[in-house]
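Remarks on the structure that follows.
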Amino acid sequence: MSDSGNLDRKHERNLADRREQIKQWAEYVRTNPDRDWSQQVNTLVNAQIQSARAQEDDRPSMDELRDSPLLDED
């Protein structure tokens, strides 16, 4: 059985890390030209869209889902 205290401390560390990263990004945005950081955001968003589209292409069709043994009602 896992120790919930350790898990809580890990979550707190992760939250603190995320907050620090947000502060660093905000400082970067304030101190750099819009064109520099907006290109980085654009690259990230485009990669996320491309990844989502690839996942959608790999999604099974409804016919494949209907024929799945996982959906048998027996």
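The values are calculated or read from the model by the stated rules, or taken from the named source; none is laboratory data. Keep in mind the model is a prediction, meaning the values are calculated, not measured. Heads up, the Cβs are rebuilt from the backbone with ideal geometry, glycines too, and the neighbour counts pull from every protein chain shown.
Side notes on the structure shown:
- Options ASP57, ASP17, ASP63, ASP8: the member that is surrounded by 10 or more Cβ atoms within 10 Å (Cβ to Cβ), part of a helix (DSSP H, G or I) and modelled with pLDDT under 95: ASP8
- Of the residues making up the stretch 29-47, one or more are of a type outside the set (S, T, N, Q), in a helix (DSSP H, G or I), free of Cβ contacts under 8 Å to residues at least 40 places away in the same chain and touching a helix residue (DSSP H, G or I) at 6+ places or on another chain (Cβ under 6 Å).
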